[in-house]
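What follows is a short report on a single structure.
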Amino acid sequence: MFTGFFGLTRQPFTAELPPEALFRSLPLEEALARLQFVIDQHGIGLLTGEPGSGKSATLRALVAASDPARHKFIYLTMPRSPRGLLTVLCHALGLDPAWSAVDLAAQVKEALCRLDAHGVTPVLLGDEAQLAPAAVLDELRLCCNTAMDAHCHVAVEALAPLAQRLTVTTTLPGLSTQQTANYIEHQLQWAGAARPLFTREVIELLAHHSRGVPRQINRLCTAALLAAFAVQQPLVEEPAFRQALKTIDPESA
């Protein structure tokens, strides 16, 4: 692997960073503040962004910054039926799901109310809800009529009653060129780099071709380091970046 060649102690451009090691960009900090406001207000929030923009990382940071004695986070990929939603919530709440849908709904609401009575805020992290049928989102809305706090980083505009209950909507934009440079520097320092590994020209190209999306930055940086390593160049310059770009997006190279 190229890590030793570049004086690194670990792979720098990975999504598997612990929350405390995340690059605290301005968009991430703003999203965290908005989502924390949602939780404090016992509301419903909407976190959007294109794939790889950092939604999951933002949620990991949110969970890590919260008091586990005061919050119970429930993460789920939104099921395809209301009964499936209630069943998943029952399991997450440590319940044995009832047979009938009516009893299932009662179980969930009673469990959420018990948590609230003990000073614990349930926080639902719903993934891929834009793929869920309207009936599932409507069931979610009914669950939110209890003491439940929720934020769903999904599109719910198709369901007006739920959309009208949104406390906050926030979007993770792509990083600017300077933010991209700061992100790359942060990742390299976390991996043990003692010097810059990319020229300024390459960083500008990285910002342009990745559109500031962290996942794309990671892919391009890793490919560029591999291309430079292949020709034993200790600094990633434009030819190595262009070679890396061909492997990822030949039409852009």
Discussion item. List the residues, sorted by chain then number, that are 5 or more residues from VAL236 or on another chain and whose placed amide H is less than 5 Å from its amide H.
Written reply: PHE198, THR199
Worksheet item: For the chain, what is the calculated [θ] at 222 nm in deg cm²/dmol (nearest 500), taking -39500 (n - 2.57) for each run of four or more DSSP H residues and dividing by its residue count?
Response: -15000 deg cm²/dmol
Worksheet item: For segment 160-238, with equal point scatterers placed on the C-alpha atoms only and solvent neglected, what are the log10 I(q)/I(0) values from the Debye formula at q = 0.25 1/Å, to two decimals?
Response: -1.22
Item to complete: Could you tell me, in Å, what Rg and Dmax come out for the Cα atoms of segment 5-86?
Response: 15.7, 54
Worksheet entry | Full-extension gain in nm, GLU110 to LEU142, via 0.36 nm per residue minus C-alpha separation | 10.2 nm
Worksheet item: If you keep only loop residues by DSSP, which chymotrypsin sites (Phe, Trp or Tyr not before Pro) in segment 34-133 have at most 13 other Cβ atoms within 10 Å of their Cβ?
Response: TRP99
Worksheet item: What is the set of long-range amide H partners of ASP127 at a cut-off below 5 Å, with H atoms built 1.01 Å from backbone N?
Response: LEU76, THR77, MET78
Response to the item:
Cross-link reach from LYS246 to lysines, straight Cα distance under 29 Å and at least 8 residues apart if same chain, gives LYS55
Discussion item. If you restrict to DSSP beta bridges whose two residues both lie in the chain, what percentage is antiparallel, to the nearest 5?
Written reply: 0
Worksheet item: Using 0.36 nm per residue, how much length does the chain from ARG242 to THR199 gain when fully extended, once their Cα-Cα distance is taken away?
Response: 14.2 nm
Worksheet, complete the sentence: the chain, Kirkwood Rh and Cα Rg, ratio Rg/Rh at 1.08
Practice prompt. Any chance you could give the angle, 0 to 90 degrees and rounded to 10, that helix 82-92 forms with the longest Cα principal axis of the chain?
Written response: 80
Worksheet item: Per-residue HN-Hα couplings for segment 35-44, Karplus 6.51 cos²θ - 1.76 cosθ + 1.60 at θ = phi - 60°, whole Hz, x for Gly and Pro?
Response: 5, 5, 5, 4, 5, 4, 8, 6, x, 10
Practice prompt. For every other residue with a beta carbon closer than 14 angstrom to the beta carbon of ALA181, add +1 if it is Lys or Arg and -1 if Asp or Glu, then tell me the sum.
Written response: -2
Worksheet item: For the chain, what relative contact order do you get, as a whole percent, if you take Cα pairs closer than 8 Å and at least 6 residues apart?
Response: 27
Worksheet, complete the sentence: Under the Karplus relation with 6.51, -1.76 and 1.60 and θ = phi - 60°, whole-Hz ³J(HN,Hα) for segment 232-240, x at Gly and Pro, equal 6, 9, x, 10, 7, 10, 4, x, 5
Item to complete: Straight distance only, please: which lysines reach the Cα of LYS109 with their own Cα at less than 17 Å, same-chain residues fewer than 8 apart left out?
Response: LYS72
Fill in: Sequence-distant residues sharing a close amide H with GLY192 (under 5 Å, placed H)
THR9
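Taken together, the values in this text are just the output of simple stated rules run on the coordinates, not laboratory data. Small disclaimer: the values here were computed from a predicted structure and weren't measured. When we count neighbours, we look across all protein chains shown, and the Cβ atoms used for this are built from the backbone with ideal geometry, even at glycine.
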